[in-house]
Amino acid sequence: MSSEFPATTFPRRDFLKAGGALLVGLTFAPGVGAQQPPGGAIAGPFTPDPEQLDTWIAIHADNTATIFLGYVELGQGNSTALLQIAAEELDLDMSQVLAARVETGKSPNQGGTNASASINRGGPRIRLAAADARQALLSRASERLGAPVERLTVSRGVVSVAGTPGQTVTYGALIGDRRFDVPYTGKAPVKDYRDHKVVGASLPRNDIPAKASGKYVYMQHVRVPGMLHGRVVRPRGQGAYGDGARVVRLDADSIRDIPGARVVRRRDFVGVVASEEWNAVRAAQQLRVTWDQPESLPTSPAALFERMRAAKTIDSVVMDRGGVDAAFAAARHVVSHRFDSPYQIHAGFGPNCAIADVKADSAVVMCSTQGPYATRAKIADVLEMPEGNITVRYYEGSGTFGRSCYDDVAQAAAVMSQETGAPVRVQFMRWDEHGWDNFGPAHTADVKIAANADGKLVAYEYHGWQHTWSVTETTAQLAAGRAASEGQDGRAQSLTPTNTGEMYALPNWRIVNHRVPGLQGYFKGAPLRSPLDLAISFGAEQVVDELAYLADMDPYIFRRQNMNGDRWLAVLNAAAEAAKWSPRKAAAALSKSRVVRGRGIAVGTHLSSYGAAVAEIEVDRNTGVIVAKRMYGAIEAGQIVNPGFVENQISGMLVQAASRMLKEEVTFSRTNVTSVDWVSYPILRCSEAPEVFPVVVKRQDQPSTGVGEEVIAAAAAAIANAFFDATGVRLREHPMTPSRVMSALRRA
Amino acid sequence: MATTLTVNQRTQSIDAAPDTPLLYILSNNLELQGPRFGCGLAQCGSCSVLVDGVEIRSCVTPLSAVAGKSVTTLEGLPAWYAQQNRLASAPELHPLQQAVIDEQAMQCGYCYNGQIIKGAELLSKNPQPTVEQIRTAMNGHLCRCATYPRMIKAIQRASRAMGGGR
């Protein structure tokens, strides 16, 4: 089992005590210069000072470097890719750079590892810090070797004087064991992208060998001495977020026969602890609790969408360009439809897990958060303890794909440790994870788009309804009595020009966001990989396809003449080329066979990059089963640090998009969520997975943007469009399950 | 109450309630990191181990059911492979573990305990599986990161490395 600091961990405090580091960091003060990237490290109390260079990089006496990242490894490879950037600028070999475990108080606060931010926002900072470090090291080397900086070259951290063999000094000898005390300038020269050797290479991930052999320490493996095993006890499946959950009666005697098991209760928070894990699991299932379960949920999925549309929404016109109404009135082809998208679950493969050790005036919490500093604040809230007394230490869990219930489980462990006075490890059961997740919110839309006789888009109008994301975690609600609360409208939780229409050149364009009050009969919401984008593309890209059909045009050719700029056009072309797309009108050759085939194309984005996809599917007209056979996904995300990682992300997005489009939907009764495991919430299986063909469109001269979410929307919509090509019928709600397919085919 | 079982070729006595699911014994008593909790319902394959060479779900298998049997976890796969193939010594990794690394197949990797255990079972029974046979055999092992295509490639690569397949 893991020790507290495995080999990959570098305890900063001890290191500083030993005086052993070149510590280089970045400053994020305004006015640093034009190359200063947006976003970045957040200064604050109990946070390593981003103005201090030693927040970012340490060079050791053995000529290796530790890089302090604020972003966490989630299985996407960022802890390798960010090291590639550092190694490149420092002229170190990849074997000489190591990422420190992310921990509050030791790691910089760069905000959450979300919105595909690691390379996008984190990359430039590491690059500039490494460049500063290199320059400072060269200046010292110049003194030591008695040669001007211009004559110095570096390889694997060994500085040499050009033309003078044998005259060398290592980084470690120059600085290891001493502090550098050089401020970050943000102005040290960085390498020209054409000189990159490490950046842009498909190097293997650092974490995979240990993951393949069983040596990797996931959060679920961590144990600490004297620890109790805890489980939460809640209704099977959440009810309405605004209602919380209320205990009517709790029978502590009902677990009396289980050795060592006892109830931990604070207000309406109920858990059990035991020294043996199986006893905690049994006790959580056996404990008799009667809950007040109001019938606040809609009577059906259809009623959910009606409730959203009938709600007293907060409406905002996000975009109103040109004269939309007049353009529709004058247009040759107008298509207008409603689309519905369900709640979906993050459904991490290993339920979230945390260990908390809470003392009278301090606490250590180990968990799999995407944002250790944000989690620290949430822990402080439930413990009623100053943030500075709390340490949150990151351990990777299973892929989270957004804000699943990792903060909830961390708060639960903290509360249970505070109540019992012992370290407590809480792992959610599968029904906790599925049933009490912060779901990707449901979305309903009215989409109306028009084209002229030449197939040029002339008007686009999108009305979307959804609630925003929950702020209060369930444990805070139940244990601390915190009221349910929601986030503000913001990028990714409401409609924006970026996610709604910007891929097309639109002379007349209107977007209206209808914010639904999410505390009145809805579920907890949170960003789920590519939040909102899948739903938006599902509607908008189908309507664009229908316009192509009305204009008697191939859907790829139709899009090609409407794309907004060269970068969109390039990624669309890349997907079409990969699929060897030959132009023809969709649904031009409908077959009467039992199994019919179709292909679809679509574009989409998340916040910053360009995505396009082609799907080839089969539909069994007797059973309604859709199988995605082959999927092609293209991304353009500026400079690519590791093409292999990006291909892996694209592949995963294509298959996951198929899963979300064909299978995934939260189900519920009037009182509770009822999709609480892999049977009631099926996801795509191996036998159903499409062959995938990822394409990375490289623009190494451009800043890097995100790659973790940017193809989902295109891939999902491509499947929807392929269904029309195969059947001549449109599906306007997903998932595209056999029963939906059969009723749509019958209606046609 | 003590139960005798063999885990990764080491026979030991386990003092635990006989109805305890094997997974908790492996994780807590034996501190193994291969099998891991995913659902507790035998739905996902995260906890898979081999018992006498057959893949089972340790989250629903009581300790008493494996008494006297031979359990192989991800950690013990190289030695199990050596035994199966009468090799003089165990390789560092099972060929499928190596293939997973070579293909860079996984993302978070949490499910790969089960993917590798099930894939190793398949290759031991059928050294040259077709893609369809691979898909069928692996169908009970879910992957939320949706890395199925690369996992299939890894099994094909391992098959080639083991002197089988195409």
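In the stretch A:204-211 there is at least one residue matching the filter, namely being within 10 Å of chain B (Cβ to nearest Cβ), out of contact with any Phe, Trp or Tyr (no Cβ under 8 Å at 6 or more places or on another chain), among the hydrophobic types (A, V, I, L, M, F, W, C) and closer than 30 Å to A:Ser155 by Cα. When residues in the stretch A:627-684 are screened for being more than 11 Å from chain B (Cβ to nearest Cβ), more than 20 Å from B:Cys143 (Cβ to Cβ) and either buried (at least 24 other Cβ atoms within 10 Å of the Cβ) or modelled with pLDDT under 95 (or both), 9 of them pass. The requirement of being buried (at least 24 other Cβ atoms within 10 Å of the Cβ) and among the aromatic types (Phe, Trp, Tyr) is not satisfied by A:Tyr504. Filtering the stretch A:512-542 to residues that are part of a helix (DSSP H, G or I) and among the charged types (D, E, K, R) leaves A:Asp533, A:Glu541. Restricting the stretch A:230-254 to residues that are touching a Ser or Thr at 6+ places or on another chain (Cβ under 7 Å) and farther than 17 Å from A:Gln411 by Cβ leaves a set whose member that is nearest to the other protein chains (Cβ to nearest Cβ) is A:Gly237. Residues in the stretch A:535-555 that are over 16 Å from A:Glu733 (Cβ atoms) and β-branched (Val, Ile, Thr): A:Val544 alone. If you check A:Ala744, A:Ala720 for being away from chain B (no Cβ under 14 Å), out of contact with any Phe, Trp or Tyr (no Cβ under 8 Å at 6 or more places or on another chain) and touching a residue at least 12 places away in the same chain (Cβ under 8 Å), only one passes: A:Ala744. Determine if the stretch B:110-128 includes at least one residue that is at the interface with chain A (Cβ under 8 Å from one of its Cβ atoms) and surrounded by fewer than 20 Cβ atoms within 10 Å (Cβ to Cβ). No: the stretch B:110-128 contains no residue that is at the interface with chain A (Cβ under 8 Å from one of its Cβ atoms) and surrounded by fewer than 20 Cβ atoms within 10 Å (Cβ to Cβ). One residue is enough: does the stretch A:403-418 have a residue meeting the conditions of a type in the set (Ser, Thr, Tyr) and within 14 Å of another protein chain (Cβ to nearest Cβ)? Yes - at least one qualifying residue is present in the stretch A:403-418.
Counting only residues that are farther than 13 Å from B:Tyr110 by Cβ, facing chain A (nearest Cβ under 7 Å) and crowded, with 18+ Cβ neighbours inside 10 Å, the stretch B:136-145 holds 1 of them. Scoring A:Ala380 on the criteria (1) in contact (Cβ under 8 Å) with a residue 60 or more places away in the chain; (2) surrounded by fewer than 24 Cβ atoms within 10 Å (Cβ to Cβ) leaves a single failure, condition (1). Considering the conditions (1) polar (S, T, N, Q); (2) at the interface with another protein chain (Cβ under 7 Å from one of its Cβ atoms); (3) in a helix (DSSP H, G or I); (4) buried (at least 21 other Cβ atoms within 10 Å of the Cβ), B:Ser159 is excluded by exactly one of them, (2).
Of the residues in the stretch A:558-568, at least one is farther than 20 Å from A:Ser608 by Cα and crowded, with 20+ Cβ neighbours inside 10 Å. Taking the conditions (1) within 13 Å of chain A (Cβ to nearest Cβ); (2) in contact (Cβ under 8 Å) with a residue 40 or more places away in the chain in turn, B:Cys59 satisfies each one other than (2). Applying the set (1) crowded, with 21+ Cβ neighbours inside 10 Å; (2) out of contact with any strand residue (DSSP E or B) (no Cβ under 6 Å at 6 or more places or on another chain) to B:Leu50 leaves exactly one unmet item: (2). Of the numbered criteria (1) touching a Gly at 6+ places or on another chain (Cβ under 6 Å); (2) within 14 Å of chain B (Cβ to nearest Cβ), the one A:His221 fails is (1). Of the residues contained in the stretch A:270-282, none is found to be surrounded by fewer than 19 Cβ atoms within 10 Å (Cβ to Cβ), more than 30 Å from the chain's Cα centre (by Cα), touching a residue at least 12 places away in the same chain (Cβ under 8 Å) and not in a loop (DSSP other than H, G, I, E, B).
Among the conditions (1) at positive phi; (2) touching an Asp or Glu at 6+ places or on another chain (Cβ under 7 Å), the only one that A:Gly77 does not satisfy is (2).
The values are calculated or read from the model by the stated rules, or taken from the named source; none is laboratory data. All values reported here derive from a predicted model rather than from experimental measurement. No Cβ is skipped: glycine too gets one built from the backbone with ideal geometry, and neighbour counts run over all protein chains shown.
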